[in-house]
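Since the structure comes first, as structure tokens, the remarks are kept for the end.
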Amino acid sequence: TYLCEVYEYDQFKYFIYTESEDEIEEQELVFSYVEASMGTLKNGKVVFFKGTANESYDEALYMAPEGQEPVQLADSCAWYQYSEDHQIIYYIDSEDTLYSLEIPELNKKCFTDKGYLKKVVEAIKSQELMRDVTGIQVSPDGKNVLAYKDYSVYLCRDNEQVKLMSSEQQHVDIFNDYVVYLTEEGELFVQEGIDTTELSNLQKPQLIGESVESYTTSKYGKYIAYINKGENQDTLMRYSKEAGKVALLEDMDTFDYVTFNGLERERKLKYEELVGHYSCEELD
């Protein structure tokens, strides 16, 4: 399934193309504007998008099942994120209010009967989570959301919300079971148990690194890699829920650059290259 913006005859037009083994079906969206990004159900038969319908001035949130005209899910949408795993949409309206919207399983009748689809959509109710929100981050499974408000970061789930920290951090990430954040002072924290613990009983953040300038994570946050800056040497560290903190390389300076054909270049190392042995500058 593809969402395409086409410019012809001095105007933009928007189309949904659905590819099958036999053909490509085209559906034109009668909209004056459609945002380029979209969300889809796992089977690709339902598209979510934000746009402005013709003869309207407000951006709204829409759902378009394959073979049906788009139906409106929310009449005001400034920003949204769809979580495929949990089949839930988080969106912020023009008044900076954060909502969640759970999408039910759609049966075959939703793809053939416009009247029935309308009844299904009317039964989907938005749930208000927080007001005066300036931005959000959603966990990969869609169960938890970080909301930024009044220079603070809040963790929201269903009807619960709890303040985690002030938002004056260099960087914050949320994963399925924990939040990781780096402070302006270079302290790296992990707050675990956000997927299983009641928000009112969350564990305190755990300090896992000091004098840290940046960090990176694996796709779903199983591992966190970061460099502890020391007085005499930098140490490459890895953190995981199972193993805790592990020092991978005591001397990171060796791996900042590599010389090739007389030119000094940076290169990204594979994890396998850091296991077992490495060469140092002094011993070539």
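The values are calculated or read from the model by the stated rules, or taken from the named source; none is laboratory data. Being a predicted model, the structure only gives us computed values, none of them experimental. For neighbour counting, all protein chains shown are included, and Cβ atoms are generated from backbone atoms with ideal geometry for every residue, glycine included. The accessibility values were calculated without ligands, DNA or RNA, using every heavy atom of the protein model including side chains. Shrake-Rupley method; radii C 1.70, N 1.55, O 1.52, S 1.80 Å.
For residues that are charged (D, E, K, R) and touching an Asp or Glu at 6+ places or on another chain (Cβ under 7 Å), scanning just the range 31-47, find the one that is farthest from PHE12 (Cα to Cα). Checking each candidate, the answer is LYS42. Among residues of the range 30-49 that are surrounded by 15 or more Cβ atoms within 10 Å (Cβ to Cβ), those with a Cβ under 6 angstrom from a residue that is basic (Lys, Arg), sequence gap 6+ or separate chain, pair up as GLU35/LYS50. Taking (1) farther than 30 Å from ASP150 by Cα; (2) free of Cβ contacts under 8 Å to residues at least 24 places away in the same chain; (3) surrounded by 13 or more Cβ atoms within 10 Å (Cβ to Cβ) in turn, ILE16 satisfies each apart from (2). Scanning the range 99-129 for residues that are among the hydrophobic types (A, V, I, L, M, F, W, C) and more than 20 Å from the chain's Cα centre (by Cα) turns up LEU106, CYS110, PHE111, LEU117, VAL120, VAL121, ALA123, ILE124. When GLY209 is tested against the conditions (1) modelled with pLDDT of 90 or more; (2) open to solvent by less than 100 Å² (accessible area, probe 1.4 Å); (3) under 30 Å from ASP85 (Cα atoms), the lone failure is (3). Entry remark, the range 114-129: residues being in contact with a helix residue (DSSP H, G or I) (Cβ under 9 Å, 6 or more places away or on another chain) and farther than 19 Å from ILE88 by Cα number 1 in total. Only residues that are closer than 21 Å to MET165 by Cβ, assigned to a strand (DSSP E or B) and under 22 Å from the mean Cα position of the chain (by Cα) were counted in the range 199-250, giving 7. Filter the range 145-160 down to the residues that are closer than 11 Å to THR134 by Cβ and surrounded by 21 or more Cβ atoms within 10 Å (Cβ to Cβ) and list them by number. Across the range 145-160, the qualifying residues are ALA147, VAL153.
Rundown of residues vs (1) within 18 Å of the chain's Cα centre (by Cα); (2) over 17 Å from PRO205 (Cα atoms); (3) touching a residue at least 24 places away in the same chain (Cβ under 8 Å), yes/no style:
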position: GLN137; (1), (2), (3): yes, yes, yes
position: ASP141; (1), (2), (3): yes, yes, yes
position: TYR148; (1), (2), (3): yes, yes, no
position: ASN159; (1), (2), (3): no, yes, yes
position: SER166; (1), (2), (3): no, no, no
position: VAL172; (1), (2), (3): yes, no, yes
position: ASN176; (1), (2), (3): yes, no, yes
position: VAL180; (1), (2), (3): yes, no, yes
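Scanning the range 1-13 for residues that are hydroxyl-bearing (Ser, Thr, Tyr) and open to solvent by 60 Å² or more (accessible area, probe 1.4 Å) returns TYR2, TYR7, TYR9.
Which one of these does GLN161 not meet: (1) in a strand (DSSP E or B); (2) closer than 25 Å to VAL212 by Cα? The failed condition is (2). Please tell me if VAL246 is β-branched (Val, Ile, Thr) and modelled with pLDDT under 85. The answer is no for VAL246.
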